[in-house]
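**Q** Take a look at the following structure, please.
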Amino acid sequence: MTDLLAGLNPEQLRAVTWPAKSALVLAGAGSGKTRVLTTRIAWLLSTGQIGPSGILAVTFTNKAAREMQTRLATMVPVNVRTMWIGTFHGLCNRFLRSHYRDAGLPQTFQILDSADQQAAIKRLLKSLELSDEKFPPRAVQSFINGSKEAGLRADRLPPALNLYEAKLVELYAAYDAQCRREGVVDFAELLLRSYELLSANQALRQHYCSRFSHILVDEFQDTNRLQYAWLKLLAGDGGSLFAVGDDDQSIYAFRGAEVGNMRALLNDFSVSEPVRLEQNYRSMGNILNAANALIEQNDGRLGKNLWTDAGEGEKIRLFEAYSDGEEAEFIIDEVRSLKRDGFNLSDMAVLYRSNAQSRLLEHVLVNAQIPYRIYGGLRFFERQEIKHALAYLRLIANPEDDNALLRVINVPARGIGARTVEGLQAVSREQGVTLWQAACASGGGRTAAKLGEFVLLVERMRERGRELPLAEAVSLAIDDSGLRAMYEQDKKEGEERLANLDELINAATGFMPDEPAQALTEFLTAASLEAGEHQAEAGSDALQLMTMHAAKGLEFDAVFVSGLEEGLFPHENSMNDGKGLQEERRLMYVAITRARQRLYLSSAQSRMLHGQSRYPIRSRFVDEIPAELTHDLSAKVKAPAKTNASTSASWRTAPKVGRVAADNSQGFRIGQSVEHAKFGSGVVINAEGGGEDVRLQINFAEHGVKWLDLRYAKLSAG
DNA sequence: TACCGGGCAATTTTT
DNA sequence: TTGCCCGGTA
């Protein structure tokens, strides 16, 4: 017990040993948040205040849940698998599986991931003969999810303001009906259904409320309305909620996160003051001071100041490049030099605001032969071949799953074309039956014969699959469906896809179901709820590339925050209202606080975006960092005063006036107006080279953007 | 059924 | 510039 609490700082200790009432722990970046959370659970258990079944611990990601479980297992001798530690969705799934009848769900209900949900919506639109021009599936999806996250069913929504909205509400109702028919639930539904069941069923609610006397929540600033309502319901009247979060790291408002839940908690659970964890164990002082100064610009904060006893450390390195290309080169040069100094590539990260920015970096990294790893992109269970195989498995579990049926009814091609499928859908619509039932009932004729073969195939797979161990059932689905044969034919990508399918069989082999009788359902659930790694192959030492969002929760010795330009970061879509801008600033705060020792902030004066050159000005976020904390590496040429043209627009058609283009640019400067004999008048927007060999990029009014070599071009000042 | 080309949009994302 | 989606054609 004393061991457990040893080494905690006073605030951590205060949080860990907080009495059995609600608390809000304001946990700064790198302040030992996970440690506090796990140690509190261990402390509650080992002091006998509560048994393992009395604790509910919620996270947002599977990774965080696993980490909590692993660390807890090293602290106290409990079976963490039996404890209710998991993601919101994982725990709601568990709850709904135990009470599927009360929840009005089939025992083997399947979970739709985002892509599945969108497919279901497209199908619905088609069946209602609504064009997806007028009702973009994405928009319908976000309307449905938004409503669910507000806790509202279609019949409870406020009256529609116009016909369009009324139609959306109708679609929402129809979508829910379709899901019910097919025995599937989407992500938001997991939460809403759990919430509704708990509020409607008093006995159940009382049971869980008295059982979970300690509810702990991680990343509380990311909770949405429904999640908060669910927590409140579970905590009950006298219940306690131990919430850990950081309002300054709230960067997910765009997907429904409500920072306001933090203040709401203080009020709703009568917490007088948050516990602040402000001592940082990650970064050097200059980095923290930069972060503190930056975030100070936001208002409405709960307030917190990070500090360290590790010392000031190095200054923050600024670099303003001529172009995005030069910025990339700079980063790569610095990476090389850090590597020479003994840093691992995997301890360095390049962060950017949007994924598109990785392309140029990749290009330059490939040329420089520096190994790198990008976070993002397709995850294992989202791959086409895996989704196909899973669709067959879903049909084994439940042939009424129209989504699954549609996905593979003609994969591999077996002569069931679009026309046949439309016929099936018409029958299904008219008679109110699922596609599977329609297929089973199809009469004579050639198409019916093909359908009959498919029905037979699925039935055979179901029969055999039922008796087999999971891994063999998976293998059977891949072989009997013809998927394996199909990919064996595929010269281009077949090999990799086959390897992935084998990996799926491996995953099934290693899968440990809680209830062996439900192995298949559990496996499919896990596949939906944990889409797998973000293709981050471990192993070799590689530079880490990722968006700033993806970097949350991670840390590196050296961090490059790139593309610090108005319009890009803060992003032009977010910089027009105060709320958006403040969230961007929090994102900058997150990015800065990823660095342990060294932090680079880089920007470019020209950048290729959407196939067009832009000439942005440096991000305001750079200027919000006190100059005494920084060291400008780009100050080779003294920057002139800014023109007043830069005050309104975030980017202009011409860069800052006056910067000397190159050493011997014959007096031409970026921003200067020039005349060309053939192209007419233009503005110098970029320069390259030096000495004799100088090239200028010029934006001509009549002839567009051109590179000109000063040795040949006849250019004069305009 | 499969491929080509035009049109068009283009943050951030876990479950 | 890239990548996706749709419609037209072989």
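The values are calculated or read from the model by the stated rules, or taken from the named source; none is laboratory data. Worth saying up front: this structure is predicted, and the values here are computed from it rather than measured. Cβ placement follows ideal geometry from the backbone for every residue including glycine, while neighbour counts extend to all protein chains displayed. Areas reflect the complete protein model, heavy atoms only, side chains present, ligands, DNA and RNA absent. Shrake-Rupley method; radii C 1.70, N 1.55, O 1.52, S 1.80 Å.
**Q** Could you identify the single residue in A:197, A:124, A:171, A:163 that is surrounded by 14 or more Cβ atoms within 10 Å (Cβ to Cβ), away from DNA strand B (no atom under 16 Å from the Cβ) and over 19 Å from residue A:111 (Cα atoms)? It would help to see each step written out before you state the result.
**A** Details: A:197 fails: over 19 Å from residue A:111 (Cα atoms); A:124 fails: over 19 Å from residue A:111 (Cα atoms); A:163 fails: surrounded by 14 or more Cβ atoms within 10 Å (Cβ to Cβ).
That would be A:171, the only listed residue that is surrounded by 14 or more Cβ atoms within 10 Å (Cβ to Cβ), away from DNA strand B (no atom under 16 Å from the Cβ) and over 19 Å from residue A:111 (Cα atoms).
**Q** Let me ask something else. Testing residue A:412 on (1) in a helix (DSSP H, G or I); (2) surrounded by fewer than 18 Cβ atoms within 10 Å (Cβ to Cβ); (3) at pLDDT 85 or above, one condition comes back false. Which one is that?
**A** Here residue A:412 meets the rest and fails (1).
**Q** Do you know which of the residues in region A:470-498 that are of a type in the set (Lys, Arg) and in contact with a helix residue (DSSP H, G or I) (Cβ under 9 Å, 6 or more places away or on another chain) is surrounded by the fewest Cβ atoms within 10 Å (Cβ to Cβ)?
**A** Within region A:470-498, the subset of a type in the set (Lys, Arg) is A:484, A:491-492, A:497.
Subset that is in contact with a helix residue (DSSP H, G or I) (Cβ under 9 Å, 6 or more places away or on another chain): A:484, A:497.
Details: A:484: 20, A:497: 22.
Once the filter is applied, the top-ranked residue is A:484.
**Q** Hey, another quick one. Determine whether residue A:208 is open to solvent by less than 20 Å² (accessible area, probe 1.4 Å) and not charged (D, E, K, R). Outline the logic, then answer.
**A** Details: open to solvent by less than 20 Å² (accessible area, probe 1.4 Å): yes; not charged (D, E, K, R): yes.
Against the criterion (open to solvent by less than 20 Å² (accessible area, probe 1.4 Å) and not charged (D, E, K, R)), residue A:208 qualifies.
**Q** While we're looking at this one, here's another question. Considering each of A:291, A:253 in turn, give the residue that is over 22 Å from residue A:188 (Cβ atoms) and touching a helix residue (DSSP H, G or I) at 6+ places or on another chain (Cβ under 7 Å).
**A** Working: A:253 fails: over 22 Å from residue A:188 (Cβ atoms).
Result of the check over A:291, A:253: A:291.
**Q** What number goes with the only condition from (1) in contact (Cβ under 8 Å) with a residue 24 or more places away in the chain; (2) open to solvent by 60 Å² or more (accessible area, probe 1.4 Å) that residue A:501 does not pass?
**A** Against the list (1) in contact (Cβ under 8 Å) with a residue 24 or more places away in the chain; (2) open to solvent by 60 Å² or more (accessible area, probe 1.4 Å), residue A:501 comes up short only on (2).
**Q** Looking for something buried (at least 22 other Cβ atoms within 10 Å of the Cβ) and part of a helix (DSSP H, G or I) - is there at least one such residue anywhere in region A:249-258?
**A** So far as region A:249-258 goes, yes, one or more of its residues are buried (at least 22 other Cβ atoms within 10 Å of the Cβ) and part of a helix (DSSP H, G or I).
**Q** Identify, please: which residue in region A:596-608 is buried (at least 18 other Cβ atoms within 10 Å of the Cβ) and under 13 Å from residue A:568 (Cα atoms) and is, among those, nearest to DNA strand B (Cβ to nearest atom)? Please lay out each step first, then the result.
**A** The first filter runs over region A:596-608 and keeps only residues buried (at least 18 other Cβ atoms within 10 Å of the Cβ), leaving A:596-607.
Imposing the further condition that a residue be under 13 Å from residue A:568 (Cα atoms) reduces the set to A:602-607.
Working: A:602: 18, A:603: 17, A:604: 17, A:605: 21, A:606: 17, A:607: 13 Å.
Step by step, filter region A:596-608, then rank; the result is A:607.
**Q** Does residue A:40 count as in contact (Cβ under 8 Å) with a residue 24 or more places away in the chain, open to solvent by 10 Å² or more (accessible area, probe 1.4 Å), assigned to a helix (DSSP H, G or I) and of a type outside the set (Val, Ile, Thr)?
**A** Values: in contact (Cβ under 8 Å) with a residue 24 or more places away in the chain: yes; open to solvent by 10 Å² or more (accessible area, probe 1.4 Å): no; assigned to a helix (DSSP H, G or I): yes; of a type outside the set (Val, Ile, Thr): yes.
No: the conditions fail for residue A:40.
**Q** Identify the single condition in (1) within 24 Å of the chain's Cα centre (by Cα); (2) more than 16 Å from DNA strand C (Cβ to nearest atom) that residue A:359 does not satisfy, given that it satisfies every other one.
**A** Every condition holds for residue A:359 apart from (2).
So that you can scan it fast, the table gives a plain yes or no per residue for (1) among the small types (Gly, Ala, Ser); (2) within 11 Å of DNA strand B (Cβ to nearest atom); (3) buried (at least 20 other Cβ atoms within 10 Å of the Cβ); (4) under 30 Å from residue A:433 (Cα atoms):
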| position | (1), (2), (3), (4) |
| --- | --- |
| A:76 | no, no, no, no |
| A:93 | no, yes, yes, yes |
| A:104 | yes, no, no, yes |
| A:119 | yes, no, no, yes |
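**Q** More than 16 Å from DNA strand B (Cβ to nearest atom) and either at positive phi or not in a loop (DSSP other than H, G, I, E, B) (or both), is that true of residue A:301? So that I can check it myself, show each step before the final result.
**A** Values: more than 16 Å from DNA strand B (Cβ to nearest atom): yes; either at positive phi or not in a loop (DSSP other than H, G, I, E, B) (or both): no.
Here the answer is no, as residue A:301 does not meet what is asked.
**Q** If you go through region A:178-187 one residue at a time, do you hit one that is among the aliphatic types (A, V, I, L, M), assigned to a strand (DSSP E or B) and at pLDDT 95 or above? Full working, then the answer.
**A** Residues of region A:178-187 among the aliphatic types (A, V, I, L, M): A:184-185.
Then keep just the ones that are assigned to a strand (DSSP E or B); that gives A:184-185.
Filter once more, so that each one left must be at pLDDT 95 or above: A:185.
Within region A:178-187 (the criterion being among the aliphatic types (A, V, I, L, M), assigned to a strand (DSSP E or B) and at pLDDT 95 or above), the answer is yes, since at least one residue qualifies.
**Q** Next up: Filter region A:363-399 down to residues that are in contact (Cβ under 8 Å) with a residue 60 or more places away in the chain, surrounded by fewer than 20 Cβ atoms within 10 Å (Cβ to Cβ) and part of a loop (DSSP other than H, G, I, E, B), then give me how many there are.
**A** Selection size over region A:363-399: 7.
**Q** Name the residues in region A:118-148 that are away from DNA strand C (no atom under 14 Å from the Cβ), closer than 27 Å to residue A:393 by Cβ, within 21 Å of the chain's Cα centre (by Cα) and of a type outside the set (Val, Ile, Thr), would you?
**A** Correct list: A:145, A:148.
**Q** Also: Taking region A:537-576, which residues are within 11 Å of DNA strand B (Cβ to nearest atom), open to solvent by 10 Å² or more (accessible area, probe 1.4 Å), of a type outside the set (Val, Ile, Thr) and under 18 Å from the mean Cα position of the chain (by Cα)?
**A** A:549, A:550, A:552, A:553, A:571, A:574
**Q** In the set A:438, A:418, which member is exposed (fewer than 15 other Cβ atoms within 10 Å of the Cβ) and more than 30 Å from residue A:547 (Cα to Cα)? Can you show your working first?
**A** Working: A:438 fails: exposed (fewer than 15 other Cβ atoms within 10 Å of the Cβ).
That would be A:418, the only listed residue that is exposed (fewer than 15 other Cβ atoms within 10 Å of the Cβ) and more than 30 Å from residue A:547 (Cα to Cα).
**Q** Out of A:268, A:248, report the one residue that is out of contact with any Pro (no Cβ under 6 Å at 6 or more places or on another chain), closer than 24 Å to residue A:305 by Cα and touching a residue at least 24 places away in the same chain (Cβ under 8 Å). Walk me through how you get there before you give the answer.
**A** Details: A:268 fails: closer than 24 Å to residue A:305 by Cα.
Step by step, each of A:268, A:248 is checked, and only A:248 is out of contact with any Pro (no Cβ under 6 Å at 6 or more places or on another chain), closer than 24 Å to residue A:305 by Cα and touching a residue at least 24 places away in the same chain (Cβ under 8 Å).
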